[in-house]
Every structure is written in structure tokens, then in C-alpha cells.
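Report on one structure; see the data block that follows.
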Amino acid sequence: MCFNLFSLNSAYGESRYRVEIYGSSTYQEINEQSRFNPDNQVLKIPEWSHVLELRPDVELNFLKLHSVILRSRHFLTSHEMDTANPTQTRTSIGSESDLTDLFISSEWKDHFSTHVGLQNYQWGPAEILSPSNVFFHFDNNQRSFFYKEKGRAMMRVNWNPDPDSSKWSVVGIYEPTSNHERFWTADREFRPKSALKIEYQFENPINAVALIFGQGEKERFYFGEYFTWSPKEGISIYGDLKHQSGETHFVPEQNLMGTYDLVDSDEDSRYFTLAVVGFRWEGRIDLRQEFIWNEPGYTQREWHQAKAAALVLGPNLPRNIERFSRPGLEFRRQSYSYTSLRIPDLGKGQKHSAAIRWLSSLSESSSALQVNWEYLWKDSTVLSAEALHFMGGQGTEFRLLSDTQASIGFRWSY
């Protein structure tokens, strides 16, 4: 919930300003038996993190057609990190600032607009992931109360070819340069991406279908589609799919020493599909059940080979560790289940809300369970608590590094 700090009317239009302050304390229980981070000596993950964050949001409108949107983040942080063998505790305090959005939006006509600059533009009916969106990627923390996605440097055009209705929508997107964030795949530099998205909404706007195609990872061609269908009020079935030309991630390959290295795949002859299909029921509660099919993900054999590449001593071990941590896959394995349950308006005054989310691998016994609670303390203040628990045997996907993570915090808006 955000409130205008003040509004300013002028000959150039209305300008709006708002600000949010976030505060949080996070505890992370490290898996000290992890072969990838024994005694926390390799990754040195903080056990405690305390963050105070300022998020200004400014919109300047001028000449009735144009607006400039500016959003930034400013942090004060404190981290406490423990290691064993030898036992050592380190505390670090710092500050930083980050620009998350800065773009010019222009409404040239009722059916044509442009948006140029650092921006966050996402689509798709699924909650866990939008495969057809090649610009943004899955993040383990994306459903956290404190998470904010940084924008991408985009040029976007929105066009409605039928101004008398809102059934058709055509969006063209080009990402010519990076936003100066670390690239999501190891040992690679940014390459331009593009997309053309054509969507049609039926008489019931919940029912929609879209086709997307363009240039994706490693400048490879891809096409995708998404759909939503509601057979009755409160119930919907949906899907979001992407078909990528060739494999674009690192794969395990046996070397001359009989061990494995993670290398670029030479599979370019066919298309690989990443898909999410789901069911949603919206009533007193909001319930989703989604299934993920990640065809380019590691098979059981490849999974063991990829882990071995990041563990076995050899001349390429540092590179293999980096590539294992950022392999260029949204998910490392091939099949998953995702269940989400949200219950709003709880308690006296209906000021509480709760959510439970469970992401489970269907390839091995490994999963992540997230629980969120929010309380509207005052009109301008929300309190939050959340916990993330990783389950499975040692060395399974979700227990490679951590066991439990818990946070408490607040958001104040004005």
C-alpha cells in the first residue's frame, strides 16, 4: 500500500512522489555438512543479515503525453558470518545504492505507446515462472515480502491494432544492452534479446491466448505461447511455454582424466521446451497448483555428473563450481510441482494474511517450503514474518547449501 507524499499540478501535468522504507532481520541456518560449502569456508554465507532500505518512487509528467519514472533503492546493511575449522565470526557493515527503474513512457495515441529505459515488464498467468518471458528469470527469493526485481534496459512498443476494442494487444520489446547486473549464466556476457508478443482476449477478459517469438539466449531463436481459460467464475486453467532453439546451458562432459567438466552444449539441432501448466481457484482462499516441465534440465545421470564436476579436484574445478552455481537453467532438474495457498483478511478487523508455497522436485525427494504472514498494523505500516525450509537428503537439489531461512520486518509507506 503506497500513498502520495504530495501531488504537484502544473502546466506540464501532474507529478507524483512516494517513498517506502523497509526494515528486516534475516537468520540463515547453513548446512555445514554440505560438500559444496563445508563449514561455510567456501561461500561464507551470512548467518545474520540486518537491512534498512529506502525506496523512493518518482513520476514526472509533462506535455500531457510523456512521463519519467524513477525508482531507486538505498541500503544500510549489517552481516554476521560464521565459519568452522577454524571457528571464526566476522561482522561487516556497509551502505549502497541501486537504480532499479528509469524510463520514459509516452502515450502517443489511445492505441500506441512507447517505453524506453530501465524497466520491469513481465507477463504470464503462472505464479512460479513465465517461460515465454526471456528477459527475467526465476529467483529463489522472488516471493519474499522484501524482494524487488531490478529492471532491464529495454525499448518497448505497445500497440492495439483495433482501437475500438481492447481484445488485441501487440507488444514489441528489444533489450540492446545489459543493466550492469551480473549475468545470470556464468562465464558469459550479455547478448541482445528481443520479443514480439501478440495477445487476444475473449469476451470474458480472463480468457486469453498469446503468441511470442524472438531472439533469446545466445541469440538463438525461440517461440512461446500462453493461455488462460476460465470454465466458470473463480476457476481457471492456464499454461505458459517456451521452445528454445538448441541447449543454451552448461552440460557435463567427461574429460581425459575420467572426471567431468561443465561445458557449452553442442546440441543445436532441435527445440527444447520449458513449460508451466496450472489450475487456480479463487474464492475465500486463493489456491494454485502448477507443474513445471523443464526439458533442458539435467537427467538423473547428468545431475550426478554435474555435481561431480563441482566437487572433484582438478585444474578446472573453480570454473566448474561457478558454472554449476549459474548453469543457465531456470531449474536444474526436469520436473517440479508448485503449490500456492494464500488466505487474506484473517482475524479481527481482517488485517492479517497468510501464504504457504511449496516447490517440490519430481525427480528426487527434495523440496522448499515457504510460509509468509503479513499484518496491516496501520494504514501506512505492514509487518511481515516469513520462513523458508529446505527438505531432502544431503546433496539433493534444495539442500545443497542451507537448511532454514527466517525473516521478520516491516514496510512503511508514505
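The values are calculated or read from the model by the stated rules, or taken from the named source; none is laboratory data. All of these numbers come straight from a predicted model, not from anything done at the bench. Positions of Cβ are backbone-derived with ideal geometry, glycine not excepted, and every protein chain shown enters the neighbour counts.
Remarks
- Unique residue being in contact (Cβ under 8 Å) with a residue 24 or more places away in the chain, hydroxyl-bearing (S, T, Y), part of a loop (DSSP other than H, G, I, E, B) and on the phi < 0 side of the Ramachandran plot when the list is S363, S337, S367, S407: S363
Listed here are the residues, each with its yes/no results for (1) aliphatic (A, V, I, L, M); (2) without any contact (Cβ under 8 Å) to a residue 60 or more places away in the chain.
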| residue | (1), (2) |
| --- | --- |
| S130 | no, no |
| F138 | no, no |
| Y174 | no, yes |
| T177 | no, yes |
| I198 | yes, yes |
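- Qualifying residues in the stretch 99-138 (those that are among the acidic types (D, E) and at pLDDT below 95) - the one surrounded by the fewest Cβ atoms within 10 Å (Cβ to Cβ): D110
- Checking the stated criteria, V312 turns out to be touching a helix residue (DSSP H, G or I) at 6+ places or on another chain (Cβ under 9 Å) and part of a loop (DSSP other than H, G, I, E, B).
- When R319, R332 are screened for being on the phi < 0 side of the Ramachandran plot and within 18 Å of the chain's Cα centre (by Cα), only R332 passes.
- In the stretch 241-253 there is at least one residue matching the filter, namely being surrounded by fewer than 21 Cβ atoms within 10 Å (Cβ to Cβ), within 20 Å of the chain's Cα centre (by Cα) and either touching a residue at least 24 places away in the same chain (Cβ under 8 Å) or outside any strand (DSSP E or B) (or both).
- Residue count, the stretch 268-305 (criterion: assigned to a strand (DSSP E or B) and either out of contact with any strand residue (DSSP E or B) (no Cβ under 9 Å at 6 or more places or on another chain) or acidic (D, E) (or both)): 3
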